[in-house]
Amino acid sequence: GLVGLVAWAAGVWWFLAHRGVVRQLGLGVAVLAPAAVLVLFTQDGLWRTALAACLCWAAALACARGALRLSPADPPGPARAAPRPKRPVLIMNPRSGGGKVSRFGLVERAEALGARVILLDPSAPADVAALARRAVDEGADLLGVAGGDGTQALVAAVAAEHGLPFLVVSAGTRNHFAMDLGLDRSDPARCLDALSDGEELRVDLGDVAGRAFVNTVSFGVYADVVQRPEYRDDKAGTALNLMPDLLADEGVRRLDARIDGAALAPQQALLVSNNPYASPDDLGDSARRPRLDSGELGVLGVRVQSAAQAADLAVRGSQSPCLTVATAQRVEVASDADEIPVAVDGEALRMPVPVVCGLRPGALRVLVPRDRPGALAPVPVLDWRRLAGLALGRTAPQPERGARA
């Protein structure tokens, strides 16, 4: 089973990092390796034993994660009662999230609650930050956005600059910021309840080269992919076509980074987040940040240069030396080029080097509904050393700030 897992990881690496015959071979290995393991277990009459072992292992992992749940002694900052805004202004993108603004009747709902709505014209790109500043000059006492995280960040920066509360309406595609605030992503209209019955949270706001971000800043592989014009229409195909150049090309440009002054080895990809994610092993759409007010950046760096390293990363996850996991107050990214591609909350940009990421602790006042689903408890990292300490009846030390998780 372990050999099959390693072979699968190697096949995936060959599939991503090469083209032509090698890519086809990698796909074959990735498909056939687990199938071969199942066949061998069946032929040897061990499939029941293997199934029972898998079920026991799953139960053991569930118990381990339950024992390692984040301590409730370090909760996010409390929400405070907030007065009802008198002149709220909401900026809405009708194309965001596949048309959620129209589908959920957000304009009508917001206007019924006394808000002024600025509806963006999809055919005429607008300066969203300029619209927000104009609304402030005209007397707005709250700024809000129904749109993606990139648009949220632009308006949030204006709200923080003027000390105004900010309203998040989960009308984007993924709505990571809304999810970590505990908002309902399935029904963005519920976010508007904050206008009549809301409370205020103080959260941090990320800063990259003077530009605000609410979720993440990506450098390297992902940032290179999103720069391509065809990425919007064919995300998977564009990424697959570029991966060999980004992962295996000897001439590919690596990232030089410093975390709070300490240098990292050159990385292929670097992710800087506004507050750390709960588990570096899970950074998909369900990835969670347990807090948005810790005053720290999360840092994840990836350096994979061979099939063996890819297998190690697949098997060991966050415990692999191919993955750097840290927290920081300041991250500086440099390169031998004058400027590098950067993805800020999923938006493709190019920035002159060095690119400096920082944090504005407690800079953003977020108005949220009093009645909201709430963020689910995040899945903790499987720290085996800490787990062994708990099993032996002693408390294992927590990872130091800035160290590997």
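Packing here is the average count of other Cβ atoms within 10 Å per residue, and on that basis the peptides 37-49, 261-273, 156-168, highest first, run 156-168, 261-273, 37-49.
Charge tally for Ala112 (other residues, Cβ to Cβ under 15 Å; Lys, Arg +1; Asp, Glu -1): 0.
Within the shell of other residues whose beta carbon sits under 15 angstrom from the beta carbon of Glu138, the net charge comes to +3, with Lys and Arg scored +1 and Asp and Glu -1.
Between Leu61 and Ala388, the modelled labels are 2.1 nm apart [label points 7 Å from Cα along Cα→Cβ].
Report note on the peptides 2-15, 106-119: ranked by the mean count of other C-beta atoms within 10 Å, highest first, their order is 2-15, 106-119. Per-residue Karplus couplings for the range 178-194, computed as 6.51 cos²θ - 1.76 cosθ + 1.60 with θ equal to phi - 60°, are listed in order as 4, 4, 6, 7, x, 7, 7, 7, 7, 9, x, 4, 5, 5, 6, 4, 4 Hz, Gly and Pro entered as x.
Near the amide H of Val342, within less than 5 Å, lie the amide hydrogens of Leu349, Arg350, Met351, all on another chain or at least 5 residues away, with H placed in the peptide plane.
Computing FRET efficiency as 1/(1 + (r/R0)^6) for Arg116 and Ser196, where r is the C-beta to C-beta distance and R0 is 22 Å, gives about 0.90.
Each value in this text was obtained by applying a stated rule to the coordinates, not by laboratory testing. Nothing here was measured: the structure is a model prediction, and the numbers come from that model. Methodologically, a virtual Cβ is constructed for each residue, glycine included, from the backbone with ideal geometry; neighbour enumeration extends over all protein chains shown.
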